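These notes are about the structure you will find just below.
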Amino acid sequence: MTTSCRHRTGFTLLELLVVIVILGVLVALTAPLVAGVRVAANRSLCMSNQRQIGLALHLYANDNEGTFPPTMHSTSSWRKEESWVFQLAPYLSDVDEVRVCPSDEPERQKRILDGGFTSYALNDLVFDNDRYNRISKIPRPAQTLILFILSTNRKPSTTWDHIHGAEWTSWAASTYDIEPDRHRVGARAADRTEGSANYLYADGHVENISAKEFKSLFDQGINPALVPE
């Protein structure tokens with residue numbers, strides 16, 4: 001008597017469907033994790049950029065009688081070479097990498113190639129103010145914000161390299177200038193309170209502040225762009 005064995009060489013339709021469902025669930029579970037890792041990496045690189053800019057600003061000031069570079073708002077020329085970020089080029093490892101935030105998507109590479117602008121905006125209440133544009137004139141450097149991430153409402157350019165701090169009378173006014181939720185996972189919230197941003201202080205340190213915390217200052221009637229006395 002002889003017997004024969006039949007071996008399956010493939011999956012049934014039901015088994016394929018089960019595998020597809022499992023893969024879909026795994027993708028759905030891991031996608032936010034992957035996105036979160038990417039956001040964290042970009043946030044860290046952005047902080048590194050701002051620390052380098054902070055150091056470069058101090059080195060520039062040391063070589064220029066303690067005075068910070070002016071914004072293009074306070075100069076008569078509009079040439080790229082005279083913008084503050086390119087004035088710092090001798091003090092930076094790579095000005096083209098440092099001047100653009102890694103989360104400045106989707107046109108980060110295009111903006112690097114275009115040149116003449118930066119993702120970061122100076123505090124005009126410091127840099128365009130004779131009262132505070134020297135390091136020695138700032139009463140509380142560790143509490144004075146000097147650099148922000150430029151809002152997507154404003155296309156980075158040599159002539160838009162600063163905020164308008166005196167006009168920050170509301171949360172909406174600040175978000176017209178800056179991007180307090182630049183580092184976030186997922187879509188932008190309607191009230192702009194999801195996510196966070198990095199901020200450079202006059203003493204050179206950088207802090208990551210959540211958008212909710214930053215908005216709470218405006219809710220208390222505080223303009224964070226003002227120089228604390």
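The distance between label points at VAL21 and ARG188 comes to 3.9 nm (points 7 Å beyond Cα on the Cα→Cβ vector). Electrostatic bookkeeping for ASP219 treats Lys and Arg as +1 and Asp and Glu as -1; over the other residues with beta carbon under 11 Å from its beta carbon, the sum is +1. Across the accessible surface of the range 172-229, with the other protein chains kept in place and a 1.4 Å probe, carbon and sulfur atoms take up 51 percent.
The HN-Hα couplings worked out from phi for the range 191-204 by the Karplus form 6.51 cos²θ - 1.76 cosθ + 1.60 (θ = phi - 60°) are 8, 6, 9, 9, x, 8, 8, 9, 9, 9, 9, 5, 7, x Hz, whole numbers, x standing for Gly and Pro. Taking amide hydrogens as placed 1.01 Å from N in the peptide plane, the amide H of ILE146 sits under 5 Å from those of LEU200, TYR201, ALA202, each at least 5 positions away in sequence or on another chain. Charged neighbours of ASN49, selected by a Cβ distance under 9 Å, balance to +1 (K, R count +1; D, E count -1). For GLU167 and VAL37, the FRET efficiency from 1/(1 + (r/R0)^6), where r spans their Cβ atoms and R0 equals 35 Å, is about 0.45. Between ASP63 and ALA142, the modelled labels are 2.9 nm apart [label points 7 Å from Cα along Cα→Cβ]. Rolling a 1.4 angstrom probe over the protein heavy atoms with all chains in place gives the range 161-208 an accessible area of 38 Å² per residue. Here the Karplus curve 6.51 cos²θ - 1.76 cosθ + 1.60, taken at θ = phi - 60°, turns the phi angles of the range 87-94 into couplings of 5, 8, 3, x, 9, 10, 5, 7 Hz, with x standing for Gly and Pro. For the pair LEU55 and ARG134, a Förster radius of 22 Å applied to the C-beta separation gives a FRET efficiency near 0.80, rounded to the nearest 0.05. Using the Cβ-Cβ distance between GLN109 and THR12 with R0 set to 45 Å, the FRET efficiency works out to roughly 0.45. Averaging the sequence gap over all C-alpha pairs within less than 8 Å and six or more residues apart, then dividing by the number of residues, gives the range 103-229 a relative contact order of 28 percent.
The values are calculated or read from the model by the stated rules, or taken from the named source; none is laboratory data. For clarity, every value in this text was computed on a predicted model and none was experimentally measured. Every residue, glycine among them, receives a Cβ derived from its backbone with ideal geometry; neighbour counts consider all protein chains shown. We work out accessible area using only protein heavy atoms, side chains counted, and drop any ligands, DNA or RNA first. Shrake-Rupley method; radii C 1.70, N 1.55, O 1.52, S 1.80 Å.
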